[in-house]
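One structure is given here, and the rest of the page talks about it.
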């Protein structure tokens, strides 16, 4: 019997495991093999891998510095914002830390004390609560099964959280899927690109350089047409002049975009949720690492008094974080309103002037959609 079983070893789960007091018996479960380097074909976390200023501040607050082994190049100091419908392009100065997300998660979890037990390579598929404790059923990729019992189970398992579903979360209007491909870099100036394309999505797409590759992704409404919409998005980028080499892999993952206070699910004394499992993610940018770090720390503070009354203490501790996330809901309503976004971009407020040696801005403004190519043939799929 564990005092706390944490489902998910990402930033939220790892932070919680690190900060829980020594008197509690703790287990961390993750379907990834976080006890060793990642191997091809194994599960990964879909993420752009940029530490926003809010995440940097929280790491500093927790007394942590990101090691060199986690850093990915190049470091990025501006975002190129492109509105495909209006043709507007602006550059805005932002200070991100570019990291390898897989290495970042492993590093954070390595900071947990040795007293924390781990079970890697297993995913939770059922949770039941009875008489003040919870039982979690687990299954590995090769079909092996196991189960554990705990006084409190914490869902740090993202948008598809089994803990959140057990608490009663249903699929709804805020459900999205993020689709991201990795392409060999083929020249051009490295930049973080944010793309608004209302023909494909009411959210946004992104391009992020990672060493000798480029991550290209887009957040789309859940449904059977997501993969084809992703391919159309990449095709438009290629036609507009963004240089991409061969694709090395495409992954997808569910994404919950909060739209109101009702979308935040914190839990009970027996079942708690942190990070994206709780709905704590930016509705404007889908940034979630800062919320994961902050809510993991808040949950640890709540559990220092034991499971009894933990839900009330957690709600109090996490209240500022929920208010922050609600602020991003309001921001999203502003920037995803076409007329308002266009007015801000055309005003040039806070924009910076950047060189554009590869001519991408000219190509995008020039209506490169007439030069569409067949992505599947071009990329060798």
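Just so it is clear, none of the values below were taken in a lab; they were calculated from the coordinates. For clarity, every value in this text was computed on a predicted model and none was experimentally measured. Neighbour counts are summed over all protein chains in view; Cβ atoms, including those assigned to glycine, are modelled from backbone coordinates with ideal geometry.
With semi-axes defined as the square roots of five times the eigenvalues of the C-alpha gyration tensor, the equivalent ellipsoid of segment 59-110 measures 30, 12, 10 Å, largest first. Residues within the reach of a label modelled at residue 69 (point 7 angstrom out along Cα to beta-carbon, backbone nitrogen below 17 Å), restricted to segment 87-101, are 99-101. With respect to the chain, whose longest principal axis is taken over its alpha-carbon atoms, helix 310-335 is tilted by about 10°.
Determine which residues of segment 38-58 fall in the zone a paramagnetic label at residue 334 would reach in this model, i.e. backbone nitrogen under 20 Å from the point 7 Å along Cα→Cβ. Those under the cut-off are 52-55. Using C-alpha pairs below 8 Å separated by at least 6 residues, the relative contact order for the chain is 21 percent. At the listed q of 0.14, 0.15, 0.20 Å⁻¹, the Debye profile of segment 144-200, built from one uniform point per Cα, gives log10 I(q)/I(0) equal to -0.74, -0.78, -0.98. Taking label positions 7 Å along the Cα-Cβ direction at both residue 352 and residue 319, the computed distance is 3.8 nm, reported to one decimal.
Axis of helix 338-347 versus longest Cα principal axis of the chain: the two differ by about 60°, to the nearest ten degrees. Its residue count N sets the reference 2.2 N^0.38 Å, and the alpha-carbon radius of gyration of the chain equals 1.00 times that reference.
For segment 24-129, the equivalent ellipsoid built from the Cα gyration tensor has semi-axes of 33, 18, 14 Å, listed from largest to smallest. Using every pair of distinct Cα positions in segment 199-338, the Kirkwood expression returns a hydrodynamic radius of 17.1 angstrom.
Going by alpha carbons, how many degrees (0 to 90, nearest 10) lie between the helix axis of 226-240 and the longest principal axis of the chain? Compared with the principal axis, the helix lies near 40 degrees. Computed from the Cβ-Cβ distance with R0 of 30 Å, the FRET efficiency linking residue 184 to residue 110 stands at 0.50.
Using only helices, what value at 222 nm comes out for the chain when you add -39,500 (n - 2.57) per DSSP H run of length 4 or more and divide by the total residues, to the nearest 500 deg cm²/dmol? Walk me through the numbers on the way to the answer.
On the way: 10 runs with 110 residues, N = 381.
Helices in the chain give a 222 nm mean residue ellipticity of -8500 deg cm²/dmol.
Would segment 77-173 count as rounded, prolate or oblate if I go by the C-alpha gyration tensor, calling it rounded below 1.5 in a/c and otherwise prolate when a/b exceeds b/c, oblate otherwise? It comes out prolate by the Cα gyration axes. Summarising the label geometry, the points placed 7 Å from Cα in the beta-carbon direction at residue 248 and residue 40 lie 1.0 nm from one another.
Packing, taken as the mean count of other beta carbons within 10 Å per residue, orders the peptides 327-334, 270-277 from highest to lowest as 270-277, 327-334.
The alpha carbon convex hull volume per residue for segment 128-255 rounds to 150 Å³.
For residue 147 and residue 304, calculate 0.36 nm times their separation in residues minus their Cα-Cα distance, and state this gained length in nm to one decimal.
Numbers: separation 157, 0.36 × 157 = 56.52 nm, distance 2.49 nm.
Value of the extension gain: 54.0 nm.
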